[in-house]
1. Would you mind computing, in nm to one decimal, how far apart the modelled labels at C:W581 and C:A496 are, each placed 7 Å from Cα along Cα→Cβ?
2. With 24 Å as the limit, write out which pairs from C:K177/C:K580; C:K34/C:K350; B:K88/B:K170; C:K177/C:K557; C:K237/C:K350; C:K176/C:K416 have Cα-Cα distances beyond it, or answer none.
3. Using θ = phi - 60° and the Karplus form 6.51 cos²θ - 1.76 cosθ + 1.60, what ³J(HN,Hα) does each residue of the range C:19-30 get, whole Hz, x for Gly and Pro?
4. Please rank A:M1, C:M455, C:M266, fewest neighbouring Cβ atoms within 10 Å first, as an exposure proxy.
5. Kindly provide log₁₀ I(q)/I(0) values, in the same order as q = 0.07, 0.11 Å⁻¹, from the Debye equation applied to equal alpha-carbon scatterers of chain C.
6. What are the ³J(HN,Hα) couplings of the range C:519-525, residue after residue, when phi is run through the Karplus curve with 6.51, -1.76, 1.60 and θ = phi - 60°? Round to Hz, x for glycine and proline.
7. Using θ = phi - 60° and the Karplus curve 6.51 cos²θ - 1.76 cosθ + 1.60, what whole-Hz ³J(HN,Hα) does each residue of the range A:80-92 get, with Gly and Pro shown as x?
8. Partner chain Cβ atoms within 10 Å, averaged over the residues of B:138-146 - can you pull that number for me?
Amino acid sequence: MLLGPSLAVSAVLFALGVAGVLLRRNAIVIFMCVELMLNAVNLTFVALAQQLGVAGQIFVFFVMAVAAAEAGVGLAIILAIYRHRHTVNLQNINLLKG
Amino acid sequence: MDGTLIIFWAFAGLAVVSALSCITRRSPVASALWLVVTLFSLAALFVLLDAQFIAVLQVLVYAGAIMVLFLFVIMLLNLGRPGPTDLKGPVGLGVGVLLAGLLLVQLLALRQAAPGLALAPGAVARAAAEQGMVPAVARPLFGAYLVPFEITSILLLAAIVGAVVLAKRKL
Amino acid sequence: MPAPPLSLLWVVPALPLVGFVVNGTLALTRPTAKRAVSIVGVGTLVLAFVAAALAVAELARQHPAAPLVFRYWEWIPAGDLQVAFALQLDQLAAVMILVVTGVGALIHVFSVGYMHEDPGYARYFAYLNLFVFFMLILVLGANFPVMFVGWEGVGLCSYLLIGFWFNEQINADAGKKAFIVNRIGDFGFLVAMFLIFTRFGTLDFETVFAKAPAALMPGGAVVTAITLFLFLGCTGKSAQIPLYIWLPDAMQGPTPVSALIHAATMVTAGVYLVARCGVLFALSPLGSAVVAGIGALTALFAATIALKQWDIKRVLAYSTVSQLGYMFVGVGTGAYAAGMFHLVTHAFFKALLFLGSGSVIHAVHHAYHATHTHEDAQDMRNMGGLARYMPWTAALMWIATLAIAGIPPFAGFFSKDEILGAAFAESAVRPLWYAFWAMGLAAALLTAFYMTRLMLYTFHGPNRTGEREREHLHEAPPIMTGPLVVLGVLTVLGGALNVPELFGGNAFLEHWLEPVTSLAHRLQPAVEVAHATEWALVAGAVLVAALGIVGAFRLLKPEALVPARLAPPETGLARLLWKKWYVDELYDAVIVRPVMWLSREVLWKIVDARLVDGLLVNGTAAASRALGWLGSRLQTGEVGVYVVLFVIGVLAVVGAVVR
């Protein structure tokens, strides 16, 4: 019964996450929007798990674990970039340009 | 039933509003905090969807660990203060909104496109009632999904090593 | 000894081919090995003649009603088009191979003497052998493509031999002119082949000629088109109007080449073609009328030009063009035997005339060489009174002159008379032929006149070569006069080949060719004339010939001539004739210059430089560059852009699923 609305909310949150990635220039904020997208997907899984079985929740478990790992490494990368370029603005991180 | 729905929509609305706020704040700290609010609302939704264990995990791991990490890094890089807006110019804005809108439309359409699923409504609730919430999740985790579970641990190890190496001042 | 089987027919063309290979190799590796070259060159021709004679003898013994076809291998098996490399021997081909190998052998012997001092001796014999090979392929071919191989091949050898002394621009140009003009004719041949294939589904002579009466509507558009296009090929190869212009220029080549290729054999290929395709021409009144008409016109036209030429070889060249016209009148009227008869007799006396003139030129050239003067050794104004120094040559050339003029009992009389007789007879049914007969008669008068003129200016009267040169003039060596004697004998006796019943003869050639010409004769029967008319025609022809000779003796004054370098330029009508009716100049202005202009201004500067180079080649490169540039614009190095592209990709994928 809650499935339809849950999926709708999940879609909205995902779209908002994508919008954030497209609209912002700060690398950390973009990363946070990626996390937002992941959460939207988690919501989808959980909503479907209610109908289809516990495998959905187990998948959410794994998503969280991977998100944690990814957050750690990603932020380390951002730190390293900051040390060299002294900026987290994506427009300034353009060594590949040209 | 009515009550559940009202609570659902309340928390869903909160989640959407806070997500919107997250992506539009100037200060990264503010964005982070709004994201935390979003996570909490999602946790509430999880509870409503018979995923209590996951809800707790969400709060503990996501909101408690990952977002804290984010805030650490933001503070470390001294980006906390609200700076000039880093939203893209009008062209970028237009493109972004357009694409996100299209995606939204497609995803909403996707709800109708689901092929015939073998529905087992309420299976989780029943399992939780029988065994308890945690064993309901834990038993399959250590049973059928043992291998991914173990591999995830190695993944976390790799992530730790990577993070340490990348963040060193001198390699 | 039992006769070898006729399936060994391939040996006849193979022998000169072997000669070409050996002499060609010698030309490249040991060009000074003249003895070996001579033995191989002449030997292969003599052997080829023997082989041909044996083949013809066997054919005569078997006396088949249809050609004997020998398929050696499948050359072009391409779906509907099945062409085999096949040779056939029938009575018509038999005549041709004997003429080609026989006269060819004699000319090869003559060449040994004539070309003896030439550094390109081996190359010459290699090309000459190759020519004989291709000519034999042409006449022995059992289908149009094989014949066309020979057709093209003789054109190639003609080019190689005309431009033999290619270090002189004028010789190279003459070779080019011959080849290019021939190509125009070849285009006609090809189109005719295409038409024949579309109509008959095959290109084999046997099948085409057998099916022709049923498959083609007599006088219809298709058969007329086929015959006209075939004849276009003939005008090129056999130097008729409008494509005769290459033959006089071809005289730049060595004289034996002129004798063999441009008198006896290659130029007769067109006549052979018409005779071979007699069935087709019989089915098209318009086609045969065009053949006879152009033949008659060319005969007269070329004769007028020959009247005022000073170069001895040019006179003979235009004479050849004129005589070929006669042959076409013959085969165009349906008198195939008469046309072929004239082909054979003409081969004898024209080869004799050319070789004789070769001896003359050889002697005069030798004289000038000895005194280190640089006069034209081929200009008749530099000759005169040579009979004193070269009696044999003079006598033999007189025999040939009488033959070509049509004086009995020499060979040319019988053949020429038959053709004129056939034309006159046909005029009873088709009045247009009156004009052809009249033109032929007029041409006969002129022929007698200009040939006598040639003899008078060259061999009689006072000598104009020069005081010091005179002592170096002498008769040609036996190796050169020997073939002349043989040809002389043939010229005298050649008439016996086809003495008509009128004179109590057995018309041997006519009967010999009957199996080949019978179908054509059934479709287009020959017209009979009364004996009285025939006698009148004969008398008229002889009278005209005599008139020409006597007229020349009376009107021409060899004493009044001066050597070429002192001679005043021609004026008036004489100038028009000397300048060949300005035809070459006309072609140059109307065809050559516009084509050159078109090639340079349009095809080169616009089509090649701008379109092909600019648009297609450089344009493709530029387009490629532009596309590349466009692609490179995607590589901004900015993550933001990449993310946008990423999302677009996702939209596409999800969109595919949603649909």
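Computed from the coordinates by the stated procedures, all read-outs in this text should not be read as laboratory data. From a predicted model like this one, the values you see are computed outputs, not experimental measurements. With ideal geometry, Cβ positions are generated from the backbone for all residues, glycine too; neighbour counts draw on all protein chains shown.
1. 4.0
2. Violating the 24 Å Cα-Cα cut-off are C:K34/C:K350; B:K88/B:K170; C:K177/C:K557; C:K176/C:K416.
3. 3J(HN,Hα) across the range C:19-30, in whole Hz: x, 4, 4, 5, 5, x, 4, 4, 4, 7, 9, 9.
4. Taking fewest neighbouring Cβ atoms as first place, the list is A:M1, C:M455, C:M266.
5. -0.48, -1.09
6. Whole-Hz 3J(HN,Hα) from phi for the range C:519-525: 4, 5, 5, 5, 6, 10, x.
7. 4, 4, 4, 4, 8, 9, 6, 7, 10, 6, 4, 5, 8
8. Working: counts 2, 1, 6, 5, 0, 0, 2, 5, 0.
The per-residue average across the peptide is 2.
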